[in-house]
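The values are calculated or read from the model by the stated rules, or taken from the named source; none is laboratory data. Keep in mind that this is a model prediction, so the values were computed, not measured. Here the Cβ is made from the backbone with ideal geometry for all residues, glycine too, and neighbour counts use every protein chain on show. We work out accessible area using only protein heavy atoms, side chains counted, and drop any ligands, DNA or RNA first. Shrake-Rupley method; radii C 1.70, N 1.55, O 1.52, S 1.80 Å.
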Amino acid sequence: MCVVGGGPAGLLAACKLSEAGFDVTLYEEHKTVGYPEHCTGIVRSDFLSMSGYSDLESLELSRYKGGRVVMEGREFSIDTGTVKAVMIDRPAYEAKLAEIAASSGVRIRLGSRVDILFRAGKPVIRTSEGLEIPDMVIGARGPWYNPALRVLPGLQARVRLQERVDPSSVTVFFSRGLPGFFGWLAPYSEGRYAKLGLAATTKNLRALLPEIARMSGVKHELLGYFGGRVVVGGVYTNGSSPGYVPVGDEAGLVKPLTGGGLGLGARGVLELSSSLGRGDLSLRRYRYWLAKTKQSLLFSEIVGRFVFSLPSSLKAKAFEHTFSIPGFGRVLRASDFDDHMSAILSLMRSSLANLF
């Protein structure tokens, strides 16, 4: 079995499939696991325990109970009263998975660029040494290799804050200068550092980062840039074919409303490895989970397209209404962090109940 891509989904897949008794080789085009870094690393609160591996708690950088939305001089805030998300050290997380994979017998080939080809409908991998025909190919190469996805350019900066901010709250920024998405400030290390980021339909992102800093009101010292593509839709169009199964971003398992995919990617890998480990080579259970998940993601994408396209004045009214819904905090506290459809439907029910 071959896993192409050594990001979080690919590494977890290699670990779990090897532990299930499969002979696994993982190919990663970069020479160092975990780099280049692409995302903020904000995941569901139980993300590190999902995999079943111990001693991962030290990878947490911050814990979040709520957040703020700032737009055109207005601010809305919510505190769920419980930890709903954490920021993890993603490069360290991937390095740890690589250690676990290697110890379980996975052959890891770093610095190996691999192409997935299809001959007579079956996957073939092309390496520097020639062509190989594995029993199964797991595609974990990221959104670049799924042309069905809708993506936006994203950019982030690590900053050292001159004044400490609330480490339990993430701030999201909407502005006319950020068409199609939003910006964010995610503090960590007890609120002394933060990741300042944005994604938008415009390409001049670096020039917009100071605007995000201005809206946040924080003074900071720039430590460096990182970033990558942000998936905002198209997630429901990609599937798998005999012998080839995409996972993570390549499978489109990314939440269109936030661009976050680490949690969904991990859950997909666990469903996949469970199916294969039970001898379900047709992946019936995994395909059922995937169909349900992509239905939810399609719903979220439709909502996202509508909300992100609203004029600023209407968007502000929509947020004002949403944050004023009775039980808003309770709904968020009880909702699945990775299931936006259920949360939105619950809020709609609460809103309608308040009208009648």
* Once both axes come from the Cα atoms, what is the angle between helix 312-323 and the longest principal axis of the chain, in degrees from 0 to 90, rounded to 10? -> 80
* DSSP beta bridge pairing in the chain, given as percent antiparallel to the nearest 5 -> 70
* What ranking of Val151, Val170, Val245 comes out by heavy-atom accessible area, probe 1.4 Å, highest first? -> Val151, Val170, Val245
* Asked: Using the C-alpha gyration tensor of the range 1-149, what are the square roots of 5 times its eigenvalues, in whole angstrom, with the largest one first?
  -> 34, 19, 13
* Asked: Using 1/(1 + (r/R0)^6) with R0 = 30 angstrom and r between the beta carbons of Asn204 and Asp115, what's the FRET efficiency to the nearest 0.05?
  -> 0.40
* Structure fact -> Computed over the chain: longest principal axis from alpha-carbon atoms vs helix 90-103 long axis, angle to nearest 10 degrees, is 20
* Segment Arg284-Arg160, length gained on full extension (0.36 nm per residue, minus Cα span) -> 39.8 nm
* Structure fact -> In whole Hz, the Karplus estimates of ³J(HN,Hα) for the range 294-310 (6.51, -1.76, 1.60; θ = phi - 60°; x where Gly or Pro) are 6, 5, 5, 5, 5, 4, 4, 5, 4, 4, x, 4, 5, 5, 5, 8, 5
* **Carbon plus sulfur fraction of accessible area for the range 54-144, probe 1.4 Å, in percent** => 45
* Asked: In vacuo Debye scattering of the range 170-314, one point per C-alpha: log10 I(q)/I(0) at q = 0.19, 0.21 Å⁻¹?
  -> -1.10, -1.23
* Structure fact -> One point scatterer per Cα, no solvent, Debye formula: log10 I(q)/I(0) for the chain at q = 0.09, 0.11, 0.13, 0.15 Å⁻¹ comes out as -0.50, -0.75, -1.04, -1.35
* Asked: How about the range 82-120: which trypsin sites (Lys or Arg not before Pro) there lie in a loop by DSSP and see at most 13 other Cβ atoms within 10 Å?
  -> Arg113
* Asked: Within the accessible area of the range 219-320, what % is carbon and sulfur when the probe is 1.4 Å and the other protein chains stay in place?
  -> 57
* Angle between the chain longest axis and helix 8-19 axis [Cα atoms, degrees, rounded to 10] -> 40
* So how strong a dipole does the chain carry about its Cα centre when Lys and Arg Cβ are +1 and Asp and Glu Cβ are -1, to the nearest 20 debye? -> 880
* **Relative contact order %, the chain, counting alpha carbon pairs below 8 Å whose residues are six or more apart** => 19
* Structure fact -> Long-range amide H partners of Val170, meaning residues 5 or more apart or on another chain whose placed amide H is closer than 5 Å, are Gly66, Gly67, Arg68
* Would you grab the residues whose amide H sits under 5 Å from the one on Val124? Only those 5+ places off in sequence or on another chain, please, with H modelled 1.01 Å from N. => Leu117, Phe118, Arg119
* Karplus-derived 3J(HN,Hα), 6.51/-1.76/1.60, for each residue of the range 262-272, Hz, glycine and proline x -> 5, x, 5, x, 5, 5, x, 4, 5, 5, 5
* Structure fact -> With x for Gly and Pro, the residue-by-residue ³J(HN,Hα) of the range 203-216, computed from phi through the Karplus equation 6.51 cos²θ - 1.76 cosθ + 1.60 at θ = phi - 60° and given in whole Hz, is 9, 8, 6, 4, 6, 8, 4, x, 5, 5, 5, 5, 5, 6
* **Positive-end extreme of charge dipole, the chain - chosen from Gly41, Pro311, Gln162 (charges on Cβ)** => Pro311
* **Modelled FRET efficiency - R0 22 Å, Leu314 with Met348, Cβ distances, 0.05 increments** => 0.80
* To do: Evaluate the distance, in nm, between pseudo-label points positioned 7 Å from the Cα of Ile302 and of Ser128 along their respective Cα→Cβ axes.
  => 4.8
